[in-house]
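Data first, discussion second: the structure below is written as structure tokens.
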Amino acid sequence: MLTPRGWWFLIVVMFVLVLGAFAVPTYTTVPAILAVTLFAWFVYEWFQFHVRSNAAVSRLRVRRWVLQGGRTTPMLWANVPFDVRVRVRHDGLVTIGYAVIEDRLPSGADLIEGETDETTAIASGEPVDVTYTLKCPAPGVLRFEGVKVRVADLHGFFYRRVFLRDPVEFLILPPLVPEEGRQRADKRFNMLPPPGIHRLRKPGSGDELHDLRDYQPGDPPKMIAWKTSARKDKLITKEYETDVPVRCVLFLDTCDGVRLGPPGNTLLTRLAGVAAVVAQASATNRDLVGLTTFDDKTATAIRPGRTQTHMIGVLRKLAEVAALQPGTKGVPIDHLTRRAYPLAHELYPEVMDRKTNTMPLGRLWLPLLDKWWGWLILIVLLTPPALVAYKLATVINSDLPRLPGPINRMVVDWMANTFNFAARFTMRAFAGAPWPLRLVVGVIVWQCALLFPTVLAGLFWFVYGFRGWFGSKAGDLRRRKQLATLFGLQDGTGPDGIERYVHDDDAYADRVAAFLQHHQLRCPVPLYDDLGRYRFRCARKADVLAYEIMRAVSRARDNELYVILADLSELGTDLEPLVRACRVARARRHHVMVIVPWPADVDSPDDTRAADDDEPRKKKKKHPDDMSAEGRHKRISAIVFDNLTRQYHETFRAMRRELTGVGATVMRVDDGDPVRLVLDRLDRLRGMRSRR
Amino acid sequence: MSARRRDDDEDDDRAAARDGPPDHRGPLSQRDAFDMFLRDRAVRPFLFGALGGLAMMFLVLFLGGSDIGAVAVALFGLATVALRWTAAPPFLVLFLLWFSIFPLGLPDPDGLYSNPFEVRETHFRVTDVVLVLAALVYLRCQYRLFGLVQQAMPFENVFRRKGDAPLRRPTSHVEPTEIAWLLAVAFALVVVGQFLWWLVNALDFVPTDDEFPVRWADPTSLARYRRGAREPGEHTAGASRFFVMVGALFFGFLLVRLVFGYWRLRAMTPAAGATILTDTSWAESHRERVRVEKWRVWSRLRAAERRRRAALAERERKRKEAEEQTRAEDAARKREEAAARKRRAAADDEDDERPRRRR
């Protein structure tokens, strides 16, 4: 609570006080009086600050309103500004003279207007408002953690920080695209049925003639085709086609691979945006839209529908998956700790305080006996005194069994030799000293020499364990224990949880990852493992996706459109189940479209080929030995990047070849307008007469 | 015409923004600091207060015969104000200490005049009161100036982290009555300081007293200043002052700690209370828990190792089975091929109608 400025001031004042009151008061009393006055001032400020801290700061409360379109709302729309109003107040008896209120800006939101902090005095019962405007560029989840309040005195001697936790989450729904949806709401060609209707070649109650058949008793008379009946001289009944809605099922990939990237700009966010536009446009056309999200383990499906509630549900689901973060498996534990500790310290200051969340020195002591050779040290430590004690015991009590021969001889020799050494040393070093002193010194020297291995082993043990108090390991262990205490409190596992997280690396890593994900803090993850393999390939997702497509095919009513929004480029040979599923879907006359997200830093495969053709022949390359270290590094980076890009292009082309071979349409997100293409395909489906 | 007027308005707005008080976030340049000193009405009272304090200190030291001390303190204080040396105010106190003891600036123990009655004779002396008041006003104003032009809110960590920007106190936050309160509190503190100094010297420490170990000293008695041997329980003035001050500090700290400690416990949040309980429980039992966790981790690793070995053995078994199957299939294929060859040969023999010896 005392700042460095306060410490320095107090130290100087105390120094002057001691000097003035006890060293020079008979020469001059000015320093003493000055120091007493300054000390009284310091105590006055301290008292004032502590009274404010206990009476007012501890009673601070926060309330938050999030307004979009002038009213509070449980959900927000992306790309639409919204206002945040935070009110801080307390009901204490005193006024906080100087406080800085700072609302913690959630990740994934841009500040449009206003400031998130406010410097003010907070009087009792007089709330302070902080108002600002945010905008979320991408769908996801917006999490407000709370408000940080920093309080200090006007001279900078004292300081306190509290965090008023008020966690609240808002779903950021994908943006509404009225122009995309409305333009499809009109029937563009007369040959097409009205929006939301698709003609199925199956007898029903539609408008188009499907077939003629012989009259059967019970057919309504209005269905009789009179002219045909007259020509055939028997009663013929008309059958009309049936009208069914067009259905579109979106399959959205939510694997770890598409979650990589900066918040709000991941491949998953872009895919979710495309899915949202398609869903909204289809809903505007009164087509049914379903959504299936999948990863490499599970899948979740929302059945096709076209109501407003259904559309909100789809958008909510898209917002939830857009906020997903990649797993942290493979991230070193110290990296995770380095990421989580400052966050925990900011959000839970009272839990992470060193006074309450302690780390005793005994816990930092390095245990020697964890090592197998530590037991040897223990034996060396204990054996000499044990042998000497036993030998003395056998001298005192002759009934005790004697030590075995060689050991007995060794002990006797050791005692005799050390005694001789001690006697000679004492006689030489203390030649002129009185005999009682020489006797005492001699005994001490003898004991030291006799137990020399014990002393040596004890010293080694001490130095070994003492090292645990210093160095980076001590800091790491202390931070880990503090985080473990926080997790233990949050999980309700108490001291057991603390020790488990301190010892169990896997459990600790999982918990820290969950903590980071919960608070929406991303941790840099290694993309490649120790063997150079891509860690986010997620090969099993092809199986899950294939199973979901087959399930959708089995429940399909008519020609349907399956839009797969997934990153399939890296799958290679693991794509086979998906290819089989697409073949089955095509055999059942369904349409399959695959939209692949494309990394922003990788060129289009078509552009690359064109660029290669147009590129003039380069000059002679420099030899690496003639280049500077920086230039060599740049060149190596460029080569690696080119190779990776080429490899990605090849895998993408192979995947496209495989899927187009079974009749699926493959396109990239950044290639043209995938939304338009999907909607055109839906129109074609609407106009197509199909038979089941 | 209207466009030109709009442009003029925008220029005026820009000029007003440029001339207005700078934002209170981030460091302030020296030029902006001087601008604030000279133009800002909220800063000016504290500036004048600090300069006034320096002037009074200069005057008192100068009149006390310490001309070099007066100049040094004034110059140092002015530099602190102008250049915003945040660490300088304690050094100014040390300067005052030095020049109070050695008015000429040079340490000269022979030139010091020791007066045993100095303490008794110097209560509420005007020059002391003025000097202490000037120093106190200067320090209070100086620290508030630092808050306005340098940094008011300390950094969150003891060491400044990368990206930490100093946060100044906005001038709009300064109350009009603040300087008046500052001066009033300074006057009061000076009186309190003089009173405390008088009090610690007016009390005698008598540990042998039956009722209370402190009593009022006799101001007319010279026994406290007598040299030589003393009776048990009798102390010199310096020793008595020491015991009284240490005792007052100790018991005062104890009392305040008790009161504020209890208050802090009352105001503690549930999370902090749960943390203390959990941490205490862990500290008392972590040795046992360490053993349990070590065994648990060891058993888990052993189970993982066993699983790994079992998987390896299973893989090896499957490989051997596959090899055996391949070998058996090869043998069967070879047998079939041999049988087929035999059959073909037999068929050829049957088809060949030539006499055997001519074949």
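Here are the numbers for the structure shown:
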{"quantity": "Reachable aspartates and glutamates, given that their alpha-carbon falls under 18 Å from the alpha-carbon of B:Lys334 and they are not under 8 places away in the same chain", "calculated": "B:Glu323, B:Glu324"}
{"quantity": "Unpaired by the 4.7 Å Cβ criterion, cysteines found in chain A", "calculated": "A:Cys136, A:Cys248, A:Cys448, A:Cys523, A:Cys582"}
{"quantity": "Links that overshoot a 20 Å alpha carbon limit, given the list A:Lys355/A:Lys481; A:Lys202/A:Lys238; A:Lys473/B:Lys162; A:Lys297/A:Lys317; A:Lys148/A:Lys317", "calculated": "A:Lys473/B:Lys162; A:Lys148/A:Lys317"}
{"quantity": "Magnitude of the charge dipole, chain A, Cβ model with Lys/Arg +1 and Asp/Glu -1, debye to 20", "calculated": "1220"}
{"quantity": "Positive-end residue, chain A charge dipole about Cα centroid, Cβ charges, pick of A:Val395, A:Leu343, A:Asn559", "calculated": "A:Asn559"}
{"quantity": "Qualifying aspartates and glutamates (Cα of each under 18 Å from Cα of A:Lys227; at least 8 residues distant if same chain)", "calculated": "A:Glu208, A:Asp211, A:Asp214, A:Asp219, A:Glu239"}
{"quantity": "Share of alpha-carbon pairs per 5 Å distance bin for region A:192-341, given as whole %", "calculated": "2, 9, 13, 12, 10, 9, 8, 7, 7, 6, 5, 4, 3, 2, 1, 1, 1, 1, 0"}
{"quantity": "Under-5 Å amide H pairs with A:Asp153, H placed in peptide plane, nonlocal only", "calculated": "A:Phe158"}
{"quantity": "Per-residue average of Cβ from other chains inside 10 Å of A:15-23", "calculated": "4"}
{"quantity": "Computed magnitude of the charge dipole of chain B (debye, nearest 20; Cβ of K, R +1, Cβ of D, E -1)", "calculated": "3420"}
{"quantity": "Within 10 Å of each Cβ in B:139-145, the average number of Cβ atoms from other chains", "calculated": "3"}
{"quantity": "Highest-fluctuation residue, B:Val259, B:Val190, B:Val149 considered, GNM on chain B with Cα pairs under 10 Å", "calculated": "B:Val259"}
{"quantity": "Whole-number Å³ per residue for the convex hull built on Cα positions in region A:4-54", "calculated": "60"}
{"quantity": "Share, in percent, of DSSP beta bridges within the protein assembly as shown that are antiparallel, nearest 5", "calculated": "70"}
{"quantity": "Sequence ranges A:120-126, A:14-20, ranked by mean other-Cβ count within 10 angstrom, highest first", "calculated": "A:14-20, A:120-126"}
{"quantity": "Whether region A:328-524 is rounded, prolate or oblate, judged on the alpha carbon gyration tensor where a/c under 1.5 counts as rounded", "calculated": "prolate"}
{"quantity": "Candidates B:Asp218, B:Asp128, B:Asp349: whichever shows maximal mean-square fluctuation once chain B is modelled as a Gaussian network with Cα springs under 10 Å", "calculated": "B:Asp349"}
{"quantity": "Selection from A:Thr228, A:Pro245, A:Leu212, by position along the positive dipole direction of region A:197-252 (Cβ)", "calculated": "A:Thr228"}
{"quantity": "Segments B:334-342, A:320-328, A:168-176, A:647-655 sorted - mean Cβ within 10 Å per residue, highest first", "calculated": "A:320-328, A:168-176, A:647-655, B:334-342"}
{"quantity": "Sparsely packed trypsin sites (Lys or Arg not before Pro) within region B:37-113, loop by DSSP, other Cβ within 10 Å at most 11", "calculated": "B:Arg41"}
{"quantity": "Shielding by partners - mean other protein chain Cβ count within 10 Å, residues of A:478-488", "calculated": "2"}
{"quantity": "Evaluated over chain A, the Cα radius of gyration and Dmax, each in Å", "calculated": "39.9, 153"}
{"quantity": "Sparse-neighbour loop sites [trypsin sites (Lys or Arg not before Pro); region B:98-192; at most 16 other C-beta within 10 Å; DSSP]", "calculated": "B:Arg125, B:Arg160, B:Arg161, B:Lys162"}
{"quantity": "Overall dimensions of chain B by Cα: Rg and Dmax, Å", "calculated": "45.3, 163"}
{"quantity": "Estimated translational D of region A:198-244 in µm²/s (Stokes, Kirkwood radius over Cα pairs; 20 °C; 1.002 mPa s)", "calculated": "197"}
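Coordinate-derived values only; no laboratory data. Please read these numbers as outputs of a predicted model, since none were measured by experiment. Backbone-built Cβ (ideal geometry, glycine too); neighbour counts: all protein chains shown.
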